[in-house]
Amino acid sequence: VDKTTAIQTSAPPDPPPAPAPTAAEPVPQPKPVRRRGPVMQAVLALASLKLTVVLMALSIGLVYVGTLAQIDDGIWTVVEKYFRSAFVWVPLQLFFPRDWGVRGVLPYPGGWLIGGVMLVNMTLAYFVRYNHFTWKRTGVYVLHGGLVVMMASEVVTGLCAVEGQMAIKEGESSNVVTQNRYYELAITSPAEDNPTKYLNEVVIPASMLQKPGAVVSDPALPFGVNVEEFMKNSSEPRELREGEKPRATAGIGLIGTVEPRAATSGTAKQQTADMPSAYLIFTKNGEPIGTYLMSLHLDPQTVKVGAKTYKVALRFKQTYQPFSLHLIKFRFDRWEGTQMARNYSSEVNVIDPQRGDRNNVIIRMNDPLRHGGETFYQADFDHATEQATYLQVVRNPGWLLPYIACVLVALGMIIHFGMHLSTFLARRRAV
Amino acid sequence: MEQLTRYFPYGVVVVAALTVLALMAPPRDPDKGMHLAKIGEAPVMDGGRVKPLEGVARTTLMQISSRQSWYDKDGNEHPAVEWLFDVVTGKGHAEAVKQAEEKRAFRIDSDDLLKRLGLRRKPNSVNYSLGDLGEEGLEKLMAEGKRVMKLPPKQKTADDEKLLEMYAQVVVFAQNAEAATPHKVFRIENDQVLELLMLDRRPGNYRYSFGELLPRLAILEREERRAAKLAEKDRGIYEVKLADAYHKVQRYLMLASLAGESLRVVPPDQGDKGWKNVADVKGEFQLGQIVKLYARGDVDGFNKAVDEYHARLESQMPKDVTHAAFEADFNNAEPFLQTTGLFFCVFLLACVSWIGWSEPLRRGALYLMVLTLLVHTAALFARMYLMNRPLVFITNLYSTAIFIGWVGALFGVAIELVFRRGIGLAVGGLLGFLTSIVAHNLATGDTLEQVEAVLDTNFWLATHVTIINSGYAATFVAGLLGAGLILAGVLTPKLDRGLYRTLGQILYGVLCFATLFSFVGTVLGGIWADQSWGRFWGWDPKENGALLIVLMNALILHARWGGMVHQRGMAVLAVVGNCIVLWSWFGVNMLGVGLHSYGFIASTFWTMLSVGIVHLAIAGVGLIPMRHWRSHAALQAAGPRPPSPPSAAPPPAPSRRARSRRGRGPSPAIKPA
């Protein structure tokens, strides 16, 4: 037996080890001889690996607090506040049990800021540190190119993606997409010739109704709207108690009211949409018509102005597709002998005069329908009847970018690490 | 001695292989006796899939007893399926009921109440049994109970309440007495629950029979109902354990009637679809007859009926029969239990190899690791066959633990083949062992359960889930290496310069893989989400957890490339990386419950917290200046750092002898990446 193959716990005597600076004794780096102007120094600092590491540490912190924050707040609130913002005040209470009532906030850079600086850092590094192309760096170029694409895709998604829902009953068709993160006040007016036929729709986005005292007037509106109170989320309506004074002077608010509620949190087991309500004063020529209770919980109410009767509702924002889907059948398959879901699927016909019809398309979990720039996903169904489907409708012009980015980054890493590994193994063999 | 050195590694692996084979061999039915193993293989429908009857018994017993077999009072082990037949037929029923009747389960301290029941005060106890009550007392109790029940609440005295409690105890006793067995299987550890049930603590075993629970079952039910009404945040450990004990009773009673929530033991008349619940079947069915023959103790009749049943199912649903039989053998072999022991032996051998007699021990560990991986891999593929999901390693949290151990072991072997210092084996063995422990703790139900609808896609399970968990595994390997480097350096004088740098190289290489896997896995998850509900990235807690791992690994690599950290810095950061993986693996699953309700997830939460603290402590120890490390001298031993790069003093050309043993011993001439 060759004794030399035995494990040695002391340093082997043969060739002296190559110098490796250890953390214990940092080697003083020789100062660059060439003097650089302040601009160049700033550029170098912006392109430095040190900054990269700092940014990564900052993003670890941000992602962590952005996860903890979802215990208390809705996922979308958190996304807007932490990830799609330049700056955020992080409440210290996040890190402790809530009943301790810890106060205080910590200023922290938001997602746009960290991501933006990261992008600058990465791009500058190409020009400053990696400006001499070598084959050895192929992997690094490809990999970071992929990261740029990935960040771009998050920007495109953040700015352009539109999500909505479509509900269709079996045997019926629909082209209405509702967006349950946005709300609007819709006023429908009767047709000139037929007062029972409601055609023209004017909508006010709920973002214009948030502030108490806000006044909305527009020539397109048949009457003005003054905001008394807007509740981001509210309870189911209840009847007024005896002796309780109604805040409304007309409509359903004369007999009922709602209570404000906190917005749904992101980690809540039941991810339900917020149900806003509002007390609104409708005016004609500056004269109040009445104070109305408008709520997502309620059906459209009628508002009489002069001879005309309008239908008014606070509802999820709605858009209309140039094509419609017809639901033939919704299926909910279970594992035999249980109530455990095995699959949900909707069989639909696409009725599209422009692009042509498509018949008997199946939309199911993990298998969406893409049509006309929109993608339709099986999201939910009517749990009571199992005869209506809820589809998630997404328009995201950047949907392909992550696929490209993933391939680029993976490829880059494989090239880079592969080169490292083969050199390393070759060197070991050479010893 | 030389012979011993040469053959020791083979000896290790042969002994281990024979032991494991013997342990994994399928059970044989005795010639003279009931063919329980054979009936255990019979398919039934449970949880939406066909499985062997034996599997139902095993899972239920596991849930009740935290064991997959039961021990009689003489300490002999019996298979779960035998226990199932005993429970269904009520074996030892008379004995259990008699014991239950003698148990002093009624606490009466009111003289008035004693008088009402016609009892006499005992000199030194306030506890009475059904036997003490006697027939006369029982009749009085029943009559009084019925009368008091009708009284309006305000008129009831404390004695009346007590009487009603006793009345309920007797009624529930009578309702469930049929299911009483003397088999001690209910694992109850909580002192308060035991006190409620008036049972003694049994340290080391903590197992009680249904007969023992029976007299105070009504009290358990009442308390559980009270606890269930509490808000989640007000529930403490006692309430959780109470519910746990109650559910065990529920599981037991369901099994006794062979009619669980989703259990269907009556096969369809034809074909393999449409299994029926016992409750929906009128008249006789074959398994029911087999049960009766078991109760009668008719060995020949039983075996004949089992053969007939087997033959019928064989012709009716041959695929399901083969499948169920295979699963029964798989369950019985408990391959992941065998690998737990094997991993530990690998770890132990590798560690001992550092003390002395290094090479034989290290080789022994290596061969043992290969054997372990063979068993583990075979078991993983057996799981795939059983779930009918090719290349899907992971379907639930349990299998993530199993899989991470496997990948960790693969990494260990790969490291070992390059560096040959026992490091890879120690880390792979330790990770395999630890993840097996985690897996055993997660195996609280059917580990081959059917998946939720959104997970029912073999493509994404085989790609995203596999890759992201490989990323977890690689990060864990890096973290363990880091912890090893720190502990070896601080606590022992053995970490010399060569080893220090070798560890740095391994750490770097593993971190590269960790970054690759965690990144690709995370992005594939995003693409799956895009396919599944149209949102590539939603910033939800699980996604964020995965992103944290990617960021952490990338941070370590960039800090290394920028020269901000070296071997020690990487080690410290890699240990912190372990905390992040733990967070993303388990931590985020707890967020939904909310940080304010510790009770429900108490044990997991505190385990996680303490593991996290240990990690941070090790990382903190790593920050102690190196001159205080016990290995300081060894790290300096190679002499002062040469002032110029190695090119100034090129190493001598490798000799032929050195080349012939390429890759074996540590090679200090490797430059850092």
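Read the figures in this text as sums done on the coordinates, not as results from a lab. What you see is a predicted model; the values in this text were computed from it and never measured. Ideal geometry is used to build each Cβ from the backbone, glycine not excepted, and the neighbour counts take in all protein chains shown.
Here are some notes:
- Rounded to whole Å, the principal axis extents of the Cα atoms in the protein assembly as shown read 103, 98, 64, largest first.
- A:330, A:381, A:424 arranged by Cβ crowding within 10 Å, fewest neighbours leading: A:424, A:381, A:330
- Take every Cα pair under 8 Å whose residues are at least 6 apart in sequence, average their separation, divide by the length of segment A:305-431, and the relative contact order is 14 percent.
- In segment A:311-360, Rg over Rh equals 1.19, where Rg is the alpha-carbon radius of gyration and Rh the Kirkwood radius from pairwise Cα distances.
- A dipole drawn for the protein assembly as shown from +1 and -1 charges on Cβ atoms has a positive end, and of B:75, A:71, A:285 the residue lying farthest that way is A:71.
- Mean separation of Cα contacts under 8 Å, 6 or more apart, over the residue count of chain B: relative contact order %: 13
- MRE, 222 nm, helices only [DSSP H, n ≥ 4, -39500 (n - 2.57), over chain B, to nearest 500]: -21000 deg cm²/dmol
- Percent of Cα pairs exceeding the 48 Å cut-off, where the set is chain B: 31
- Projecting the Cα atoms of B:491, B:533, B:275 onto the charge dipole of chain B, computed from C-beta unit charges around the Cα centre, puts B:491 farthest toward the positive end.
- Charging the Cβ of each Asp and Glu at -1 and of each Lys and Arg at +1, and nothing else, the dipole of segment B:311-419 about its Cα centre rounds to 140 debye.
- As computed over segment B:146-279, the Cα convex hull volume per residue (Å³): 180
- All distinct Cα pairs of segment B:482-565 go into the 1/r average, and the inverse of that average, the Kirkwood radius, is 14.9 Å.
- Percent of Cα pairs exceeding the 23 Å cut-off, where the set is segment A:61-177: 54
- Excluding same-chain neighbours fewer than eight residues apart, the lysines reachable from residue A:197 by a Cα-Cα span under 20 Å are A:304, A:308, A:311.
- Cross-linked pairs A:50/A:81; B:51/B:184; A:211/A:232: Cα-Cα separations exceed 19 Å for A:50/A:81; B:51/B:184.
- Each Cα pair under 8 Å and six or more residues apart adds its separation to the average, and for segment A:38-115 the resulting relative contact order is 30 percent.
- Using alpha-carbon coordinates, inclination of helix B:497-533 to the longest axis of chain B, degrees: 50
- Cα-centre dipole for segment B:238-370 with unit charges at Cβ (Lys and Arg positive, Asp and Glu negative), debye to 20: 260
- Judged by the gyration tensor of its Cα atoms, with axes a ≥ b ≥ c, chain A is prolate; a/c meets the 1.5 cut and a/b is the larger of a/b and b/c.
- Cα coordinate range in segment B:1-159, projected on the principal axes (Å, largest first): 88, 45, 37
- Cα-only Debye scattering, segment B:276-426: base-10 log of I(q)/I(0) at q = 0.17, 0.18, 0.20 Å⁻¹: -0.97, -1.04, -1.17
- A simple packing score, the average count of other Cβ atoms within 10 Å per residue, orders the peptides B:42-52, B:264-274, B:419-429 as B:419-429, B:42-52, B:264-274, with the highest score first.
- Under 18 Å from the Cα of residue A:329 - aspartates and glutamates, other chains or at least 8 residues apart: A:170, A:172, A:347, A:357, A:367, A:380, A:382, A:386
- Value of [θ]222 nm, deg cm²/dmol, for chain A, DSSP H segments ≥ 4, -39500 (n - 2.57) each, nearest 500: -8000 deg cm²/dmol
- Dipole magnitude (debye, nearest 20) for segment B:245-321, charges at Cβ of Lys, Arg, Asp, Glu: 320
- For segment B:80-147, the residue among B:92, B:119, B:106 whose Cα projects farthest onto the positive side of the dipole built from Cβ charges is B:119.
- By the equivalent-ellipsoid construction on the alpha carbon gyration tensor, segment B:368-494 comes out with semi-axes of 30, 14, 13 Å, ordered largest to smallest.
- P(r), alpha carbons of segment B:247-350 - 5 Å bins starting at zero, rounded %: 2, 10, 13, 16, 19, 15, 8, 5, 5, 4, 2, 0, 0
- Cα centroid of segment B:171-193 to Cα centroid of segment B:448-490, whole Å: 41
- Segments A:78-85, B:568-575, A:166-173 sorted - mean Cβ within 10 Å per residue, highest first: B:568-575, A:78-85, A:166-173
- One Cα centroid belongs to segment A:253-324, the other to segment A:345-415; the line between them spans 31 Å.
- Segment A:70-124-segment B:318-347 distance, computed between alpha-carbon centres (Å): 47
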